[in-house]
Amino acid sequence: MKRQTGISALQFFILTFGLTIGTSILVIPSGMAHIAREDSWIASLVSMAINLLMVTLYIALARLYPGRSLYEILESVTGKWPGKLLTLVYLFYFISLIGTLLGNLGFFVSGEVMTETPPEVVQIIFLIAAIISVRKGIIILARVGELFFPWVVVLLLILILALIPQIEWNYIKPVLEDGWMPVLQAGLQSSVFQEVIVLMVFLPLVKHQKSRERAYFLGAAAGDLVLGAIVLLSVLVLGIEQTENSTFPAYALAKTINIGNILQRVEGILITIWILTYFIKISILFQSMLQGLRSIFGLKQENHLIYPLAVLFLIIAWNTYINTVYVNDIISTVWMKFSSLFLLVIPAVLYLIAVVRLKLLKQQQESQKSP
């Protein structure tokens, strides 16, 4: 049997889809409802448009340096040592994300599902699963994602279809009562929670350029459509006040399902979807950390760094995710500006520098050829 050395376009699509949904399926509706109110569903479309524009930017940057990962592109554009410094900056961003994800996991499971279990225990158990995934490598994770994907789709369809009878269309009225500004603000703020730039680390593993670009774009689009559907259903079923005031609106949404007193208490469906996509997201971030350290220090093997990094993730999670109120305040005041630097500003500057450098190099080559 021929050993798989890359990722198929379908597998990359699934990884992008899972990373896009990640933790966003639980927390996005509340943040949008707080800013855009009844127009949250419009804000979700704005968020989707911004995300797809960012993916288009990443694809354009990758086209200039085909076959190179994010870290290799950083060094190619800015030079060896500035590129390594930028890699360190991105690793700081990724490690912040992992700490926040672990904190969110612990508080959700301990607060909503297993109320007598300390969040630290939940985080350690889940991190053990992530360690196993990282030791096996990104290709095995892609296969696992391919195995889980049909179940995620079926569970999502069950969740969405079961909520349709409870829809109250008056809950989204009035439309655009406060104009477009809150909608744009909510869309921009929520667009920084998908962090699909991390997939540029693994983009070269998909062999065919057109296939990987299509999978990258469509995976982000599909994930954003699911998030938009959850936001819309949260408003239409729960109403704006309950959506805004719930810490995890999507979980509260799943708990309302009751069809003929037969199909009810199916919030486990949402938990299953969330756990599977969350697992993909944190495993990808963990893998990207290892690849970044390998790029900086020129390591041949990076598996010996897995356990020290895991301990570091726990320390960060325990010291930064104090409670949901504190984290929500950070998200609403700081996170958008902080995350936009890595998702939009730096990639846009890199693209401009790369275009100018390649153009100047082409002109120089043409001048040397001419007599």
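Name the one entry in L159, L155 that is more than 30 Å from F202 (Cα to Cα) and either surrounded by 13 or more Cβ atoms within 10 Å (Cβ to Cβ) or in contact with a Gly (Cβ under 7 Å, 6 or more places away or on another chain) (or both).
Working: L155 fails: more than 30 Å from F202 (Cα to Cα).
Just one listed residue meets the conditions, L159.
Do we have L57 as open to solvent by less than 10 Å² (accessible area, probe 1.4 Å) and within 18 Å of the chain's Cα centre (by Cα) here? Lay out the reasoning, then the answer.
On the way: open to solvent by less than 10 Å² (accessible area, probe 1.4 Å): no; within 18 Å of the chain's Cα centre (by Cα): yes.
When the stated conditions are applied, L57 does not pass them.
For L176, state whether it is surrounded by fewer than 19 Cβ atoms within 10 Å (Cβ to Cβ) and at positive phi. Outline the logic, then answer.
Values: surrounded by fewer than 19 Cβ atoms within 10 Å (Cβ to Cβ): yes; at positive phi: yes.
Answer is yes for this residue.
Is one or more of the residues making up region 318-330 open to solvent by less than 80 Å² (accessible area, probe 1.4 Å), in a helix (DSSP H, G or I), aromatic (F, W, Y) and at pLDDT 80 or above? Reasoning before the result, please.
Just the residues of region 318-330 that are open to solvent by less than 80 Å² (accessible area, probe 1.4 Å), to begin with: 320-321, 323-324, 327, 330.
Keeping just the survivors that are in a helix (DSSP H, G or I) gives 320, 324, 327, 330.
From what's left, aromatic (F, W, Y): none.
Checked against the condition, which is being open to solvent by less than 80 Å² (accessible area, probe 1.4 Å), in a helix (DSSP H, G or I), aromatic (F, W, Y) and at pLDDT 80 or above, region 318-330 yields no hits at all.
Any residue in region 288-299 that's outside any helix (DSSP H, G or I): show its pairings with residues that are of a type outside the set (S, T, N, Q) at Cβ separation under 7 Å, as long as the two are six or more apart or on different chains.
L299/L293
Looking at region 229-251, can you tell me whether even one residue there is assigned to a helix (DSSP H, G or I) and closer than 19 Å to T16 by Cα?
Restricting attention to region 229-251, the residues satisfying the condition of being assigned to a helix (DSSP H, G or I) are 229-238, 240-245, 249-251.
Next cut, closer than 19 Å to T16 by Cα only: 229-230.
Scanning region 229-251, I find at least one residue that is assigned to a helix (DSSP H, G or I) and closer than 19 Å to T16 by Cα, so the answer is yes.
Considering only region 74-87, state which residues are in a helix (DSSP H, G or I) and either among the polar types (S, T, N, Q) or over 15 Å from V198 (Cβ atoms) (or both).
E75, S76, V77, T78, K80, W81, P82, G83, K84, L85, T87
Which ones in region 162-173 are open to solvent by less than 90 Å² (accessible area, probe 1.4 Å) and either among the aromatic types (F, W, Y) or closer than 12 Å to W41 by Cα (or both)?
I172
Yes or no, residue by residue, for (1) without any contact (Cβ under 8 Å) to a residue 60 or more places away in the chain; (2) in a loop (DSSP other than H, G, I, E, B); (3) farther than 21 Å from F342 by Cα:
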| position | (1), (2), (3) |
| --- | --- |
| G6 | no, yes, yes |
| I14 | no, no, yes |
| I28 | no, no, no |
| I50 | no, no, no |
| A62 | no, no, no |
| R68 | no, yes, no |
| E72 | no, no, no |
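Six or more apart or on different chains, Cβ atoms under 7 Å: show the pairs whose first residue is in region 129-140 and touching a residue at least 12 places away in the same chain (Cβ under 8 Å) and over 17 Å from T16 (Cα atoms) and whose second is of a type outside the set (F, W, Y) and surrounded by fewer than 13 Cβ atoms within 10 Å (Cβ to Cβ).
Sorted first by the residue in region 129-140, then by its partner, the pairs are R135/N303.
Inside region 97-120, can you point out the residues that are among the aliphatic types (A, V, I, L, M), open to solvent by 60 Å² or more (accessible area, probe 1.4 Å) and either in contact with a strand residue (DSSP E or B) (Cβ under 9 Å, 6 or more places away or on another chain) or assigned to a helix (DSSP H, G or I) (or both)? Let's see the steps before the verdict.
Within region 97-120, the first condition is being among the aliphatic types (A, V, I, L, M), and the residues that meet it are 97-98, 101-102, 105, 109, 113-114.
Those left that are additionally open to solvent by 60 Å² or more (accessible area, probe 1.4 Å): 113-114.
V113 - this is the single residue of region 97-120 that is among the aliphatic types (A, V, I, L, M), open to solvent by 60 Å² or more (accessible area, probe 1.4 Å) and either in contact with a strand residue (DSSP E or B) (Cβ under 9 Å, 6 or more places away or on another chain) or assigned to a helix (DSSP H, G or I) (or both).
Give me the pairs: first residue in region 208-226 and under 21 Å from A250 (Cα atoms), second residue open to solvent by less than 80 Å² (accessible area, probe 1.4 Å) and of a type in the set (G, A, S), beta-carbon distance under 7 Å, and six or more apart or on different chains, which are they?
D224/S47
The values are calculated or read from the model by the stated rules, or taken from the named source; none is laboratory data. Computed from a prediction, not measured in an experiment: that's the story for all the values here. FYI the Cβ positions are ideal-geometry reconstructions off the backbone, even for glycines, and counts take in every protein chain you see. These accessible areas exclude ligands, DNA and RNA; they are computed on the full protein's heavy atoms, side chains included. Shrake-Rupley method; radii C 1.70, N 1.55, O 1.52, S 1.80 Å.
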